[in-house]
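Visitor: Okay, here's the structure, questions in a sec.
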Amino acid sequence: MKAATRRRVLGLVALALVAGAAAVILWLPPPMQGTETGPAPLAWTGARACEECHAEEAKLWRGSHHDLAMQEASEKTVLGDFGDARFTYEGVTSRFYRKDGKRFVRTDGPDGRLADYPVAYVFGVTPLQQYLVELPGGRLQALSVAWDSRPRAEGGQRWFHLYPGERVDHRDVLHWTKPSQNWNTQCAECHSTNLRKGYDLAGDRFRTTFSEVNVSCEACHGPGSRHADWARRAKARGLPPKGEPGLIVRFTERRSREWEMDRERGIARPTRFLATRFEVETCARCHSRRGLLTEEYRPGRLLGETHRPALLDDGLYYADGQMKDEVYNWGSFLQSRMYAKGVTCSDCHEPHRQKVKVGKDDACSSCHQPERFASRKHHFHREGGKGASCVACHMRTETYMVVDPRHDHSFRAPRPDLTVALGRENAPNACNDCHRDRSPRWAAQAVRRWYPGGQQTKPHYATALHAGRTFRPGAEAALLEVVRDTKIPGIVRATAVSLLPPHLGPESLPALQKAARDEDPLVRLGAATTLEALPARERVRIGVHLLWDPVRAVRVEAVTAFADVPDALLETEQRAAFDRSLDDFYLAQRSNAERPESHVNLGIVHVKRGRLEEARHDYDTALRLAPWFLPAYVNLADLLRMEGRDEEGEGVLRRALQVDPRSASVHHALGLLLVRRRRPAEALAELGRAAELAPGTPDFAYAYAIGLHSAGRADEALAVLRAAQRASPGSRGLLVALVTIHRERGALKEARAWARKLVEAAPGDPSARALADSLEPSGPGGAR
């Protein structure tokens, strides 16, 4: 289980399920494959049924990370020290011991008191092993104290906590007893085969089942009963059981390709490869950040048919697309040239053992001529040193769960020039990972000297994504340039589309309309996330066809955008398509009914559809399941506003602040409520607190400044706006406010200067140009 990040657990925006392909590849839903003859339904047979004919594959699989993904706790499987070992974290001493042949841990439970818990299962094997214990309601929870299974010489053979330096006690959402550490919903799908959560909302309990406790053959190949029946019939007739009849997917990518060596470049290139990527999409189910849409999964199908893939979202990925949080490789790999050229997972990894087939750098040599690339003329480092390693330079690592370094799979050239331009927090580079005593500028100069015509001479989408995230001037134009460039990987273009809403201008609409019909479903997914920012008529004109999209994730995403579109704007077929997509949306939320996010999602859609009583039930359910989930409080308070019940809403928001006194979004919502209740002094205090806690959120600073201005404190309002604009220099709202307040005060010179910055930030927005022109002496109604 991954250690959940506090940012992800405490995020305040209620989103659709959460949690991306080079444009040259048609990422379309592959058909069900194989010969599904006979009336018998597909059934799960288990690994033993496979071993009789596939002994070599079974041998490779035994002892692999998939085989050992989850096991019952026993003398053989437990690696940790349960010989009365003790570990202290933030004043709590946990004891690990044996009793009656079982392993126990004595640690702080849901109420903070020490209690004894038998270990039911072990989770993983290396470089760490976690332990699952049972709590009421059919829940298995992963302890946050884990065993470092690395050799002692590498710092291992010790107990450690997954959140060092934080005070995670029984009240914290990251405590091992909380939903963030629940196996049934957070981990089980990817650590066992044929997993069914079996959650009962009415009783708030799980009856989770699996056909095999670990990741077995059928987790990737699908239920094998028909294939096994075919093999038995073939053997009975004395025929060698060769082939794959009866399987629902055939991983034929490598067999269907042809390669030739480009002698000039020293890199192999494909002469042909399959457009559909059965293997990559099957691996993506667990090797991606995604949210579940339905449990009816079949290997080989498009990930978006059963899951909502995450894009290159802030917090998950750096602005340049490198992994930041643990994203499990798929989103990184889709950005790579290798994916674009048809390389698949099993080209480098033995699919049954999961290990790299040969040494890490040797794997690169199968396509990249070593005499050209494993040479000092290429890497400019000492032969045999770390700097001479392909992996060290082209697959940066980030360390998760304290001891687990993971390689980025976008296979990119180091770009210290991007670190210089955007900062390490937005674009780290492999050079300075090693040369920590040197500056990014030093590294960039070295790269320019070695490769005068290298990657650093070309534009990179990092600049646009960073501009979109941080409200830089010209963000709209930069994002649109990425969206329109079909040579850029689809997951990047999709991310650029999804970042458009706060920057939308007239120039965005044609690009958004085209993105909504892009051949890459990820780009269409990005378009679906953006539609809600448009007026209802524009949503229908640009994206109503997404309600018919062949990919479930796109249809589900589109529901929120069309939930409040008046019936008069939709034709009969369009309304019918919405109703079908709404069924998909409801299924997605039911599939995650144990999560408060799903009930908030339902509440948002019900509010849009005018079904306020149902929305109230949804928000109450979310808070019953997770009293710590702040979006439920904020949305409930907004529902009460709609019903004219702000007094009750104030109580809701104050309860939320008891949960998290530092929530900027709750302070902001409370401030707006107090404005409505005509309590300006209290409102300003709350709005100011929100702006202070989230200085990178322009909307909070804008609301606070407008409140100050309304209170006759214009100088303070301008100071707040100027400080916020320095952090978000392209924010149109901040710039318009600066222009307007200066104009009202008669400070026309300053107003014109801010108007010029507004035009610079949004050169394609005619309203920005009109405002600037109105301030010129010769302009329409020009000021003097």
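The values are calculated or read from the model by the stated rules, or taken from the named source; none is laboratory data. Please read these numbers as outputs of a predicted model, since none were measured by experiment. With ideal geometry, Cβ positions are generated from the backbone for all residues, glycine too; neighbour counts draw on all protein chains shown. Ligands, DNA and RNA are stripped out before the accessible areas are found, and what is left, the full protein with its side chains, is counted by its heavy atoms. Shrake-Rupley method; radii C 1.70, N 1.55, O 1.52, S 1.80 Å.
Visitor: Mind giving me the nanometre distance, one decimal, between the label points for GLU643 and ASP262, set 7 Å out from Cα along Cα→Cβ?
Guide: 6.3 nm
Visitor: Please work out the FRET efficiency for the pair LYS458 and ARG269, using the Cβ-Cβ distance as r and a Förster radius of 22 Å; give the result to the nearest 0.05.
Guide: The formula returns an efficiency of 0.65 here.
Visitor: I want to make sure I understand the PRE zone here: with the label point 7 angstrom from the Cα of HIS617 toward its beta carbon, which residues in the range 182-215 have backbone N atoms less than 15 Å away?
Guide: 201-203
Visitor: Sticking with this one: Between HIS170 and ARG745, what is the label-to-label distance in nm when each label sits 7 Å out along the Cα-to-Cβ direction?
Guide: About 5.5 nm, to one decimal.
Visitor: Based on Cβ point charges of +1 for Lys and Arg and -1 for Asp and Glu, what charge dipole magnitude is obtained for the range 406-491 about its Cα centre, in debye rounded to the nearest 20? Could you put the intermediate results ahead of the total?
Guide: Values: 14 positive and 8 negative charges, 43 e Å.
With only Lys, Arg, Asp and Glu charged at Cβ, the dipole is about 200 debye.
Visitor: Note down the Stokes-Einstein diffusion coefficient of the range 503-579 in µm²/s, whole number, using a Kirkwood radius over alpha carbon pairs, 20 °C, and 1.002 mPa s.
Guide: Rounded to a whole number, D works out at 175 µm²/s.
Visitor: For the chain, how big is the tail of P(r) above 45 Å, as a whole percent of Cα pairs? Can you show the working numbers first?
Guide: Details: 89044 of 306936 pairs.
That fraction is 29 percent.
Visitor: Moving on to the next point. Considering the dipole of the range 328-391 built from charges on the beta carbon (Lys and Arg +1, Asp and Glu -1) around the Cα centre, which of TYR339, VAL391, TYR328 is farthest to its positive end?
Guide: VAL391
Visitor: Once you have the alpha carbon radius of gyration of the range 607-732, what is it after dividing by 2.2 N^0.38 Å, with N set to its residue count?
Guide: Values: Rg = 15.5 Å, N = 126, 2.2 N^0.38 = 13.8 Å.
Its radius of gyration relative to the 2.2 N^0.38 Å reference: 1.12.
Visitor: A follow-up question, please. What dipole magnitude, in Debye to the nearest 20, does the chain give about its Cα centre under +1 on Lys/Arg Cβ and -1 on Asp/Glu Cβ?
Guide: Using only the charged Cβ atoms, the result is roughly 1680 debye.
Visitor: Moving on. Take the residue pairs LYS99/LYS178; LYS76/LYS99; LYS341/LYS487 and return only those whose Cα atoms are more than 22 Å apart.
Guide: Over 22 Å apart, Cα to Cα: LYS99/LYS178.
Visitor: Something else: Per residue, how much accessible surface does the range 158-278 expose to a 1.4 Å probe? Answer in Å², no decimals.
Guide: With all protein chains present, the range 158-278 gives 48 Å² per residue.
Visitor: Compute log10 of I(q)/I(0) for the range 162-275 with the Debye formula, placing one identical point scatterer on every Cα and leaving out solvent, at q = 0.10 Å⁻¹, to two decimals.
Guide: These q points yield log10 I(q)/I(0) values of -0.65.
Visitor: For the range 237-289, with the dipole built from +1 on Lys and Arg beta-carbon atoms and -1 on Asp and Glu ones, taken about the Cα centre, which of LEU274, MET261, ILE248 lies farthest toward the positive end?
Guide: The one lying farthest along the dipole's positive direction is ILE248.
Visitor: Return the distance in nm (one decimal) between the two label points of a simple spin-label model at GLU538 and GLU573, each offset 7 Å from Cα along Cα→Cβ.
Guide: Here the modelled spin labels are 2.6 nm apart.
Visitor: Which of the listed residues, ALA494, PRO414, TYR400, is farthest toward the dipole's positive end in the range 376-507, when Lys, Arg count +1 and Asp, Glu count -1 at the beta-carbon?
Guide: My answer, from the dipole projection, is PRO414.
Visitor: Let me ask another. Roughly how many Å is it from the Cα centre of the range 70-96 to that of the range 100-170, as a whole number?
Guide: Each part's Cα centre sits 6 Å from the other's.
Visitor: With r as the distance between the Cβ atoms of ARG679 and LYS377 and R0 = 60 Å, compute the FRET efficiency 1/(1 + (r/R0)^6) and round to 0.05.
Guide: Taking R0 as 60 Å, the efficiency between LYS377 and ARG679 is 0.25.
Visitor: Which lysines have a Cα lying under 17 Å from the Cα of LYS749, excluding residues fewer than 8 positions away in the same chain?
Guide: Qualifying lysines at Cα under 17 Å: LYS757.
Visitor: Turning to a different aspect of this structure: Under a Cβ-Cβ cut-off of 14 Å, what is the net charge of the residues other than GLN456 that fall near it, where Lys and Arg count +1 and Asp and Glu count -1?
Guide: So the surrounding residues net to +4.
Visitor: Skip the ligands, DNA and RNA, and give the accessible area per residue of the range 281-436 with a 1.4 Å probe, whole Å².
Guide: Values: 6270 Å² over 156 residues.
That works out to 40 Å² for each residue.
Visitor: Based solely on its DSSP helices, what 222 nm [θ] is calculated for the chain when runs of n ≥ 4 H residues each add -39,500 (n - 2.57) and the sum is averaged over all residues, nearest 500 deg cm²/dmol? Provide the component values of the computation, followed by the final result.
Guide: Working: 36 runs with 328 residues, N = 784.
Calculated at 222 nm, the ellipticity per residue is -12000 deg cm²/dmol.
Visitor: Something else: At 1.4 Å probe size, with the rest of the protein present, what percent of the exposed accessible area of the chain is carbon and sulfur atoms?
Guide: The computed percentage sits at 52.
Visitor: Work out the length of the dipole vector of the range 329-401 about its Cα centre, built from +1 on the beta-carbon of each Lys and Arg and -1 on the beta-carbon of each Asp and Glu, and round it to the nearest 20 debye.
Guide: Details: 12 positive and 7 negative charges, 32 e Å.
Roughly 160 debye for the range 329-401.
Visitor: Would you please name the trypsin sites (Lys or Arg not before Pro) within the range 65-159 that are DSSP coil residues with at most 10 other C-beta atoms within 10 Å of their C-beta? Intermediate values should be presented prior to the final figure.
Guide: Details: sites: LYS76, ARG86, ARG95, ARG98, LYS99, LYS102, ARG103, ARG106, ARG113, ARG139, ARG152, ARG158; in loops: LYS76, ARG113.
For trypsin sites (Lys or Arg not before Pro) across the range 65-159 that sit outside H, G, I, E and B with at most 10 neighbouring Cβ atoms in 10 Å, the list reads LYS76, ARG113.
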